[in-house]
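Heads up, the thing below is written out as structure tokens.
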Amino acid sequence: MRVEESLQRGWSQRPAALPRPARMVLPSLKLQELIQEIRGAKTQAQEREVIQKECAHIRAAFREGDAPQRHLQLAKLLYVHMLGYPAHFGQMECLKLIASPRFTDKRVGYLGAMLLLDERQDAHLLITNSIKNDLSQGTQPVQGLALCTLSTMGSAEMCRDLANEVEKLLLRPSPYVRKKAVLAAVHMIRKVPELSDIFLPPCTQLLHERHHGILMGTVTLITELCERNPAALTHFRQVVPQLVQILRTLVISGYSAEHSVAGVSDPFLQVQVLRLLRILGRNHDESSEAMNDMLAQVATNTDTSRNAGNAVLYETVLTIVDIRSASGLRVLAVNILGRFLLNNDKNIRYVALTSLLRLVQSDHSAVQRHRPTVVECLREPDASLSRRALELSLALVNSSNIRSMTQELQGFLESCPVDLRADCASGILLAAERFAPTKRWHIDTIMRVLTTAGAHVRDDAVANLTQLIGGAEELHAYSVHRLYSALAADISQQPLVQVAAWCIGEYGDLLLSGSYEETEPLQVQEEEVLMLLEKVLQSHLSLPATRGYALTALMKLSTRLQGDNNRIRRVVSIYGSCLDIELQQRAVEYNALFRKYDHMRSAILEKMPLVEHGGPQDDEPGEGKEKPWSPKREVQSPTEPPTSNLLDLLDLLDSASGDAQPPPALDLMPGDSLLHLLDLPSKTPSLAPIPGLKVFDREGLQINLSFVRPPETPALLLITATASNTSKSDVTHFVFQAAVPKSFQLQLQIPSGDTVPAQGGPPITQVLRVLNPNKAPLRMRLRLTYNHFGQSVQEIFEVKDFPLDTWQ
Amino acid sequence: MMQFMLLFSRQGKLRLQKWYVPLSDKEKKKITRELVQTVLARKPKMCSFLEWRDLKIVYKRYASLYFCCAIEDQDNELITLEIIHRYVELLDKYFGSVCELDIIFNFEKAYFILDEFLLGGEVQETSKKNVLKAIEQADLLQENQNEDWGGLSDDTL
């Protein structure tokens, strides 16, 4: 009768209650009665009540020290413990039971120790002595119990104490004890690696054993030794022939009732040996050579109709690909994995996918052959399989299969579980980037991904697509038509909406001028386009960033469309009072473009030049959307640290002359700053020579200021502070801070360093930008801190005598 | 190596827990809770393996019991399925057509049998016969010793 069936049957045939032996009723329940009663409890509260009552009995019994019943009480406690109730008061009882001469006591005691004691409690050390006694003097079953407990919960300390006892048991006659001793050694080495020295020598002899249990343990022990110690690894390479022989005996000897599983001889041992061979053969030609034939034999002869055989085959494949195997053998291994992929058993398909994924880099062409099957696995309903299939499929994409693979992956994207969407989407986009056969295909692919899984793509997908479209001039018309249609159909997918808005803004004229040859003739009216963009602007589905795109697009259309711009102007002015700061700012600026700077509007809103892939936007005037933002960011980033410096300085300078400055607030005032900040970052100042000024000189450290006033920006003064050192000692930890009167604005850029080496070493320079729109007389308060001649120095002083040209 | 094995019912009740790594009671409870939830949520057609934290979980359902093992990255999942199956066969042979109730009412025996098959998270005996023989002898030893002591104690736990 098969196990599964028998298990099913059990339910109906079991009597409701177990027969009770006829004897004196004891005050507390027997184990099985207790279990019965607990199971009979209808509520959690009732169960708790029963258990609490019984635990009280158990505690009392422990206190009374009733030796014959102790094991019963502990057994009950262990049951209760499994249900999740506290059982720590049983720990000492375990010790007592283990120390008892009775086997029953020891059996339960050791079980209790394994369940209740662990290395975190000091109590666990108390059993060391009992274990030692049992190991040296106990009967075989008792030795077995001791070894088992040691291997389950033995701490490092215990292992150190008991190593010698275990060693003695390795070579004693009884296989029952020896097989356990070997595995106990494995545990001990894991806890205390130095014990390898004790347990390495017996291994070679143990490998000659015939008993499968001892062999099993020995192979495990050798594996553990080799994984921890390269010297051991080298040492054990000599046993490769012996391991091969063991394998041969197993494979050839055929059926053995005792050890066979589904026609495979001792699959457990085979797998263990194969694993050790893998470790020994890795990176070692000679060993790999010695095992080559045997591996081929196992790979071809193992019965694959049941899981046991497949388990052995799987381990064989892992070994073949990890060692220096002949190429024919490698191909065989990959083919086995390919066959696994076709197996009905899901588990087999799972391990196949996992293994192929590991191989896809090293044996790419071999794995490629199985691509169709891998792609089939995408359709698996089981998410862990389809995830692996996805990873593997993505790894198999190359320039020759890009179209068909993308097709498959797109199909998968439409129906895959949500948690795989992001990976699938970015995988497709990445593959498209690497292998796109044509730009148009590329654009189509990205569009399709955005339509299917727009919410799951990475942030840079939008930027990538706009860049791609921007760079493909011949496709502008095509792109804008397709994007317009997509947008008209659905305004909810944010990345798509953003790209579409951008495109319509840029190439609106192409959209209106007629159809692109391969798409359907799309007669688009100006009003329709404007309506669509307004719809995006107003929709609650649109993210703030999306609305920004839409607003800018509308703005650009003001120069692309034939009709008058009243509608656009209206929208723009409405958003001038929008609650969203970003939108408000844009709207206000665009308003300014309509009014004060109308003459510049067409220049500013010109089409973007074709950009190079991966490069930042060009910093030329006449750019559209990007411009208002990038200068702001560029100027702001260097000021972040110095801004705080300034505030620190202001805190410490409590001057009554009102030097307090707000941090340079870089809001663009409508009409003004757009222009002047446009110029700030990129132009190198043309020099009108202004005399420099030495402001500090002490013990060889000099600070000199040099000045530049760029002619286009009368309010700006660029100061370069240079700190130089002619003394014999280095100046370190140099920090320069400055403060200016209220009407000025000051920004410090990041200094070139904080150390001026002695004897005229390279100076520190730092640039200060001073804005003085009122042309007030320039004054500055400077604070220096540094270390010089082993002392820390702080200097604060005011500078008043700036050259007139610096501020007039 | 196997880090732990859990047996639990369809209702999530724990029937056996064997831990081969040292963890506090609190951690064990947390892990058990999480894993039980994860495994019970799996649909019947799904494969027997899942990744959980940095371990691989191999589980199989036999009637009303889930057998769930946590193995390490380099361990062979398929052979772990065989390990689970071998354990079930051993239980079946010992109890005679084993069912969940047997394991509930004789949980210590379930542990004893497991301890003759695995040791320290590794397979110690690959012969079914030898495992069952060892249990038999231990049971016998228990009975004989009990007889020496006379009437009071139980001969089955």
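Quick check, is B:Tyr94 out of contact with any His (no Cβ under 8 Å at 6 or more places or on another chain), more than 8 Å from every other protein chain (Cβ to nearest Cβ) and of a type in the set (Phe, Trp, Tyr)? Taking the combined requirement at face value, the residue satisfies it.
The strands (runs of 3 or more DSSP E) falling completely within the range B:36-90 that include 1 or more residues that are touching a Lys or Arg at 6+ places or on another chain (Cβ under 7 Å) and more than 9 Å from chain A (Cβ to nearest Cβ) map to B:65-71.
Restricting attention to the range B:18-35, the residues that are under 15 Å from the mean Cα position of the chain (by Cα) and either over 21 Å from B:Leu114 (Cα atoms) or outside any loop (DSSP other than H, G, I, E, B) (or both) add up to 3.
Given the options A:Arg358, A:Arg339, A:Arg371, name the one that is charged (D, E, K, R), on the phi < 0 side of the Ramachandran plot, within 12 Å of chain B (Cβ to nearest Cβ) and out of contact with any Gly (no Cβ under 8 Å at 6 or more places or on another chain). Let's see the steps before the verdict.
Values: A:Arg339 fails: within 12 Å of chain B (Cβ to nearest Cβ); A:Arg371 fails: within 12 Å of chain B (Cβ to nearest Cβ).
Step by step, each of A:Arg358, A:Arg339, A:Arg371 is checked, and only A:Arg358 is charged (D, E, K, R), on the phi < 0 side of the Ramachandran plot, within 12 Å of chain B (Cβ to nearest Cβ) and out of contact with any Gly (no Cβ under 8 Å at 6 or more places or on another chain).
If you go through the range A:490-536 and keep only what is of a type in the set (Gly, Ala, Ser) and modelled with pLDDT under 85, you end up with A:Ser492, A:Gly508, A:Ser513, A:Gly514, A:Ser515. The set of residues in the range A:354-387 being surrounded by fewer than 19 Cβ atoms within 10 Å (Cβ to Cβ), within 23 Å of the chain's Cα centre (by Cα) and of a type in the set (Ser, Thr, Tyr) consists of A:Ser384 alone. Take the conditions (1) in contact with a His (Cβ under 9 Å, 6 or more places away or on another chain); (2) under 20 Å from A:Val321 (Cα atoms); (3) of a type in the set (A, V, I, L, M); A:Leu247 misses just one of them, which is (1).
Taken together, the residues in the range A:105-133 that are touching a Phe, Trp or Tyr at 6+ places or on another chain (Cβ under 9 Å) and within 14 Å of chain B (Cβ to nearest Cβ) amount to 5.
The sole residue among B:Tyr59, B:Tyr66 that is modelled with pLDDT of 95 or more, under 26 Å from A:Leu385 (Cα atoms) and in contact with a Cys (Cβ under 7 Å, 6 or more places away or on another chain) is B:Tyr59.
Go through the residues of the range A:226-244 one by one and say whether even a single one is among the charged types (D, E, K, R), within 14 Å of another protein chain (Cβ to nearest Cβ) and not in a helix (DSSP H, G or I). Within the range A:226-244 (the criterion being among the charged types (D, E, K, R), within 14 Å of another protein chain (Cβ to nearest Cβ) and not in a helix (DSSP H, G or I)), the answer is no, since none of the residues qualifies. Scanning the range A:425-458 for residues that are within 25 Å of the chain's Cα centre (by Cα) and over 20 Å from A:Asp490 (Cβ atoms) yields A:Ser426, A:Gly427, A:Leu430, A:Ala431, A:Ala432, A:Glu433, A:Arg434, A:Arg458. Against the numbered list (1) modelled with pLDDT of 90 or more; (2) within 23 Å of the chain's Cα centre (by Cα); (3) of a type in the set (A, V, I, L, M, F, W, C), A:Val418 comes up short only at (1). Counting residues in the range A:79-94 that are surrounded by 17 or more Cβ atoms within 10 Å (Cβ to Cβ), more than 14 Å from every other protein chain (Cβ to nearest Cβ), at pLDDT 90 or above and in a helix (DSSP H, G or I) gives one or more. The numbered conditions (1) surrounded by fewer than 23 Cβ atoms within 10 Å (Cβ to Cβ); (2) closer than 22 Å to A:Asn164 by Cα are all true for A:Tyr110 except (1).
Against the criterion of being under 28 Å from A:Gly144 (Cβ atoms), modelled with pLDDT under 95, surrounded by fewer than 21 Cβ atoms within 10 Å (Cβ to Cβ) and within 10 Å of chain B (Cβ to nearest Cβ), A:Ala257 qualifies.
Give the range A:300-315 a look and list any residue that's in a helix (DSSP H, G or I) and under 16 Å from A:Leu269 (Cα atoms), or say none.
So the first thing to find is which residues in the range A:300-315 are in a helix (DSSP H, G or I), and the list is A:300-301, A:307-315.
The answer is A:Asn307, A:Ala308, A:Gly309, A:Asn310, A:Ala311, A:Val312, A:Leu313, A:Tyr314, A:Glu315.
Go through the residues of the range B:120-138 one by one and say whether even a single one is within 9 Å of chain A (Cβ to nearest Cβ), crowded, with 21+ Cβ neighbours inside 10 Å, under 12 Å from the mean Cα position of the chain (by Cα) and at pLDDT 95 or above. Within the range B:120-138 (the criterion being within 9 Å of chain A (Cβ to nearest Cβ), crowded, with 21+ Cβ neighbours inside 10 Å, under 12 Å from the mean Cα position of the chain (by Cα) and at pLDDT 95 or above), the answer is yes, since at least one residue qualifies. Taking the range A:83-94 as the range and being in contact (Cβ under 8 Å) with a residue 12 or more places away in the chain and under 46 Å from the mean Cα position of the chain (by Cα) as the test, the residues that pass are A:Leu83, A:Tyr85, A:Ala87, A:His88, A:Phe89, A:Gly90, A:Gln91, A:Met92, A:Cys94.
Kindly indicate whether A:Thr128 is assigned to a helix (DSSP H, G or I) and either of a type in the set (A, V, I, L, M, F, W, C) or within 45 Å of the chain's Cα centre (by Cα) (or both). Working first, answer last.
Numbers: assigned to a helix (DSSP H, G or I): yes; either of a type in the set (A, V, I, L, M, F, W, C) or within 45 Å of the chain's Cα centre (by Cα) (or both): yes.
Yes, satisfied.
Scanning the range B:97-119 for residues that are more than 8 Å from chain A (Cβ to nearest Cβ) and out of contact with any helix residue (DSSP H, G or I) (no Cβ under 6 Å at 6 or more places or on another chain) returns B:Asn106, B:Lys109, B:Leu114, B:Leu118.
In the range A:517-524, the count of residues that are farther than 27 Å from A:Arg421 by Cβ, buried (at least 23 other Cβ atoms within 10 Å of the Cβ) and in the same structural domain as A:Arg547 (by the TED database) is zero.
Here A:Leu280, A:Leu274, A:Leu247, A:Leu318 are screened, and the one residue that is in a helix (DSSP H, G or I), within 38 Å of the chain's Cα centre (by Cα) and more than 11 Å from chain B (Cβ to nearest Cβ) is A:Leu280.
Which residues, counting only those in the range B:91-121, are touching a strand residue (DSSP E or B) at 6+ places or on another chain (Cβ under 6 Å) and not in a helix (DSSP H, G or I)? Hit for the range B:91-121 is B:Gly121, nothing else. The C-beta contact set for the range A:595-612 (first residue of a type outside the set (A, V, I, L, M, F, W, C), second residue surrounded by 13 or more Cβ atoms within 10 Å (Cβ to Cβ) and at pLDDT below 80, distance under 6 angstrom, 6+ apart or interchain) comprises A:Lys596/A:Gly671; A:Glu606/A:Gly622.
The values are calculated or read from the model by the stated rules, or taken from the named source; none is laboratory data. As the structure is a prediction and not an experimental result, all values here were calculated from the model. Quick reminder, even Gly has a Cβ in these numbers, built from the backbone with ideal geometry, and neighbours come from all protein chains shown.
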